[in-house]
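The values are calculated or read from the model by the stated rules, or taken from the named source; none is laboratory data. All of these numbers come straight from a predicted model, not from anything done at the bench. Glycine also receives a Cβ, built like all others from the backbone with ideal geometry; neighbour counts cover every protein chain displayed.
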Amino acid sequence: MQPVIAERRVALFGGAYSNWRALDAVLLDARRRGADAVAFLGDAGGFGAHPDRTIERLREAQLITVQGNYDDSVGNSREDCACGYTDPRDNRFAQISYDYTLANTSDESRRWLSGLSISRQVILGRHRIGLYHGSPRRTNEFLWESTTPLGFIRSLCLQEDVDLIACTHTGIPWERRLPDGKGLINVGAIGRPANDGRTSVWYTFLELQGDRVVTEFVPIEYDWRGLVEDMAAEGLPREFAETIATGWWTTCLEILPSRERFRGRF
Amino acid sequence: MPRLSLPFVWLDTLWIQVSGTLCNIACRHCLVSAGPKVDRHRMLSADEVVKLLDDCEGVREIWLTGGEPFLNPEILAILDACLERAAVGVLTNGMRIDEPMARALGARFREAAHNLEIRVSLDGPDAAANDAIRGRGAFLAAMGGISRLVTEGVEPIVAVTGLEPEKKVEEFHKMLRLMGVSRPRVKWIPPFKVGREVARGGGYAPFEGLNSAQVEEPEAPHRLQCGTSRTVTSQGVFPCPILIDEPSFLLGARVSETLVPHPVDHPACSTCWETGFSCSR
Ligand code: SF4
């Protein structure tokens with residue numbers, strides 16, 4: 001697919017996880033800030049309630065879209081989310097959320113999910129930005145700040161022939177830049193908080209300032225109480241709702257490197 | 001006949017045998033038969049490690065192992081050189097971690113440019129079970145190391161060789177909580193029938209091993225850790241830390257010249273395949 005050319009401002013978000021309330025808030029904020037293009041880096045469903053409500057909004061908004069591992073799994077009715085967890089307890093929680101999401105996603109939504117591309121590109125000034133879900137190599141690769149060295153980022157940019165790599169999948173926003181401005185930006189997730197003890201979620205705004213691309217991580221407040229009520233009504237695990245209400249991750253923690261793990265509460 | 005071989009994908013993980021086969025103890029199941037006087041693979045100097053790192057552009061994580069890495073007098077210099085470039089893990093029996101070392105590790109655990117994991121090997125949640133394999137006094141000494149680490153804010157991962165983790169994992173968690181570990185993490189390692197383990201539990205049967213259909217699966221180089229990793233000892237480069245005593249798996253002298261398909265025709269490869277095991281994750 002052709003790269004999308006943006007004049008000055010690009011909004012990027014990932015991991016919607018059925019959180020349509022946060023999605024509405026992000027789209028509103030991006031528009032208010034004058035985004036020329038808005039990109040969704042994958043994982044529409046999972047974790048939260050009523051996945052179709054999120055998918056319908058994503059479709060209507062006419063975004064640049066990238067397929068996440070969840071979208072591939074739900075879109076193709078696979079057995080599990082292929083999230084890439086290694087711990088049995090984490091996988092049990094992941095499966096509850098996956099089974100619920102699969103059962104509550106319409107055929108039409110599934111068709112849309114299965115047709116998403118696994119990568120896209122955006123041109124901002126002279127900068128070519130590659131958009132991926134996990135990494136350019138694997139849709140479910142976890143790129144945490146503490147385990148993604150600059151040498152590795154340089155190799156990825158070279159292989160992909162891009163200046164910047166934008167990805168999500170881990171749910172925590174961060175960026176690392178090389179001296180020449182190349183680098184990697186994890187845009188975070190809007191579906192659940194970033195294990196930082198805040199109820200807000202994060203998306204990312206890129207702006208061309210002179211010749212440089214400047215990154216801003218934007219916290220977004222939304223009606224998280226409404227989400228917690230929906231999750232309870234749908235019988236989703238209390239542990240998930242606790243994350244939404246406290247900002248601390250309670251499950252799927254074994255995959256975290258120590259550095260990221262010990263910043264959280266659990 | 002050409003040997004059964006696995007495509008190489010990219011170099012994500014580098015293993016460095018920093019203390020060679022030198023160890024302060026001699027566990028009954030040691031894959032590389034390490035021990036106090038074993039120098040088949042010798043210790044590496046900090047200079048050697050730096051040279052080696054310069055040859056491994058783009059690597060994501062580095063694991064330091066042996067033998068016992070903390071026997072290497074230059075371990076902190078080695079650790080710093082590695083942490084500057086990538087995430088690092090250290091595999092240790094925990095017995096040689098004194099207070100100054102725990103303090104040095106604590107600072108790096110919190111502040112280094114990349115993630116640091118300390119993984120302490122144990123074979124039981126108590127002295128009786130552990131010392132039957134690791135030798136008398138090993139449990140107490142390891143607990144000393146763990147408690148000094150915890151005091152400095154480093155929560156180690158515990159690595160246990162064995163089967164049926166679901167039955168025993170709670171016992172380890174309980175023991176670790178008593179030691180002050182707030183988030184107990186245990187990694188289970190399937191028993192590979194190589195090294196000293198052959199004398200203890202027997203070797204592989206002649207029919208065990210991979211077949212070409214398995215190796216040709218597109219996911220094979222991701223399912224087998226050697227599709228994305230290399231191991232370096234004083235003798236050269238091997239596909240994994242498990243086969244460093246198999247001369248036919250010596251792939252070359254420098255990592256950059258070994259990033260090509262390599263043989264996976266050792267019976268131990270079937271353990272990797274069946275368990276999906278990775279020494280790192
Ligand atoms: S033992 Fe495992 S890691 Fe080593 S070469 Fe065989 S398959 Fe690869």
Exercise for the section: Would you point out which residue out of B:103, B:40, B:119 is part of a strand (DSSP E or B) and out of contact with any helix residue (DSSP H, G or I) (no Cβ under 7 Å at 6 or more places or on another chain)? Expected result: B:119
Problem - Among the residues listed as A:8, A:53, A:33, A:59, the single one being among the basic types (Lys, Arg), over 22 Å from residue A:166 (Cβ atoms) and surrounded by fewer than 21 Cβ atoms within 10 Å (Cβ to Cβ) - result: A:53
Exercise for the section: Mind listing just one residue for me: the one in the stretch B:229-268 that is near the ligand (Cβ under 10 Å from one of its atoms), under 26 Å from residue B:118 (Cα atoms) and not small (Gly, Ala, Ser) and, of those, farthest from the other protein chains (Cβ to nearest Cβ)? Expected result: B:244
Practice task
From (1) near the ligand (Cβ under 9 Å from one of its atoms); (2) in a helix (DSSP H, G or I); (3) among the aliphatic types (A, V, I, L, M), pick out the condition that doesn't hold for residue B:215.
Solution key: (1)
Problem - First in the stretch B:259-281 and modelled with pLDDT under 95, second anywhere and within 10 Å of the ligand (Cβ to nearest atom) and among the polar types (S, T, N, Q), Cβ under 6 Å, 6 or more apart - result: B:278/B:225
Practice task
Looking only at the stretch B:236-252, decide whether some residue is among the small types (Gly, Ala, Ser) and surrounded by fewer than 16 Cβ atoms within 10 Å (Cβ to Cβ).
Solution key: yes
Problem - Qualifying residue in the stretch B:218-237 (condition: at positive phi and outside any loop (DSSP other than H, G, I, E, B)) - result: yes
Exercise for the section: Restrict the check to the stretch B:50-71 and report whether at least one residue is surrounded by fewer than 22 Cβ atoms within 10 Å (Cβ to Cβ), among the acidic types (Asp, Glu), within 14 Å of chain A (Cβ to nearest Cβ) and in contact with a helix residue (DSSP H, G or I) (Cβ under 8 Å, 6 or more places away or on another chain). Expected result: yes
Problem - Test result for residue B:83, surrounded by 19 or more Cβ atoms within 10 Å (Cβ to Cβ), away from the ligand (no atom under 16 Å from the Cβ) and farther than 24 Å from residue B:245 by Cβ - result: yes
Practice task
Quick one: count up the residues across the stretch B:170-197 that are touching a Cys at 6+ places or on another chain (Cβ under 9 Å) and over 18 Å from residue B:281 (Cβ atoms).
Solution key: 3
Practice task
Restricting attention to helices (runs of 4 or more DSSP H) lying wholly within the stretch B:131-211, give those where 1 or more residues are modelled with pLDDT under 90.
Solution key: B:165-178, B:197-201
Exercise for the section: Would you check which residues across the stretch A:174-191 are over 19 Å from residue A:160 (Cα atoms) and surrounded by fewer than 24 Cβ atoms within 10 Å (Cβ to Cβ) and list them? Expected result: A:174
Exercise for the section: Collect the residues in the stretch B:83-108 that are within 11 Å of chain A (Cβ to nearest Cβ) and farther than 21 Å from residue B:279 by Cβ, keeping them in residue-number order. Expected result: B:84, B:108
Problem - Subset of the stretch B:185-212 that is on the phi < 0 side of the Ramachandran plot and of a type in the set (Gly, Ala, Ser) - its residue that is farthest from the other protein chains (Cβ to nearest Cβ) - result: B:199
Problem - Qualifying positions in the stretch B:43-78 - in a helix (DSSP H, G or I) and under 23 Å from residue B:98 (Cβ atoms) - result: B:46, B:49, B:69, B:70, B:71, B:75, B:76, B:77, B:78
Exercise for the section: Please specify each residue of the stretch B:27-70 satisfying the condition of being among the polar types (S, T, N, Q) and within 18 Å of residue B:243 (Cβ to Cβ). Expected result: B:33, B:65
Handout entry: residue A:199 vs. criteria in contact with a helix residue (DSSP H, G or I) (Cβ under 6 Å, 6 or more places away or on another chain) and either under 21 Å from residue A:84 (Cβ atoms) or more than 14 Å from chain B (Cβ to nearest Cβ) (or both)
Key = yes
